[in-house]
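Step one of this worksheet: look at the structure below.
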Ligand code: HEM
């Protein structure tokens, strides 16, 4: 099948799954910002996303998207290396205009994957998994606000999350315009525009996550100063 056998097809799969994951991140970032203003409102959203059939279905879909994106990333990288053959070892200087992020997409992806495992352990395991299995956890499984307070009270987690968010930012700044290029919007003018749009969007998105982590770490958000 074209999407599996051809290199263009594989790039299309990477681009479509990558953009779908950015869409999820946009929703997730907006949801997290709510926690800055009201713990009660945040937990109401967490309850909606609890162990209901539609939330579990969405989680399975999200997991499938992520697995597809990661598996194709390894296939494409292996394919590019094979195509370059021994040339890869002969070239030591990288042209200046090639961005750092584009050279290191796989490494960034691996850092993101490790951060994701930690994140799923911190939240998904204590929330959705605990609710599904009836496992006893520190708070009610829909009390996302309390799990955020616990997680970001630990400075080691705060540092790891900041590194993780920076890695995602680099990954998105390259991934976004690269996806647009795959879809054929690759004229010089449009490529420059997509690069700018991708840069602004990724920066705003990651800032939304970063502000939440730092606000919880330093205890400075409206939702944290007033009793819930
Ligand atoms: C840095 C600040 C973040 C905080 C405070 C946070 C918080 C949470 C919480 C509370 C949940 C559980 C929601 C629920 O089950 O009701 C969750 C789930 C999740 N988060 Fe995050 N998150 C953050 C960043 C991220 C980022 C950057 C990503 C992706 C790169 C991400 C991906 C996920 C995924 C995949 C789930 C599981 C969703 C599901 O069960 O369908 N999170 N997060």
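Read the figures in this text as sums done on the coordinates, not as results from a lab. Predicted model only: the values in this text are computed from it and were never measured. Heads up, the Cβs are rebuilt from the backbone with ideal geometry, glycines too, and the neighbour counts pull from every protein chain shown.
When shorter helices are ignored and each DSSP H run of at least 4 residues is given -39500 (n - 2.57), the per-residue value for the chain at 222 nm works out to -25000 deg cm²/dmol. Mean separation of Cα pairs under 8 Å and 6 or more residues apart, divided by the residue count, gives the chain a relative contact order of 32 percent. Each of residue 135 and residue 99 was given a label point 7 Å from its Cα along the Cα-to-Cβ line. The distance between the two points is 3.7 nm. Helix 53-84 and the long axis of the chain differ in direction by around 30°, with both axes built from C-alpha atoms. Dimensions of the range 98-189 along the principal axes, based on C-alpha atoms and rounded to the nearest Å, stand at 55, 28, 20, largest first.
Against the main long axis of the alpha-carbon atoms of the chain, helix 39-48 sits at an angle near 70°. Counting 0.36 nm for each residue step from residue 166 to residue 57 and taking away their Cα separation leaves a gain of 36.3 nm. Extension gain for the segment residue 188 to residue 107, taken as residue separation times 0.36 nm less the Cα-Cα distance, is 26.4 nm to one decimal. If one puts a single equal scatterer on every Cα of the chain and applies the Debye formula without solvent, what log₁₀ I(q)/I(0) results at q = 0.13, 0.15 Å⁻¹? Calculated log10 I(q)/I(0) at the listed q: -0.87, -1.09. Working from label points 7 Å from Cα in the Cα-to-Cβ sense, the residue 4 to residue 211 distance is 4.5 nm.
Rounded to the nearest 10 degrees, the inclination of helix 155-182 to the longest alpha-carbon principal axis of the chain is 40 degrees. For the peptides 161-168, 109-116, the ranking by packing is 161-168, 109-116, with the highest mean count of neighbouring Cβ atoms within 10 Å listed first. Spacing of the modelled spin labels on residue 159 and residue 44, each 7 Å from Cα toward Cβ, amounts to 3.9 nm. The alpha carbon convex hull volume per residue for the range 160-228 rounds to 89 Å³.
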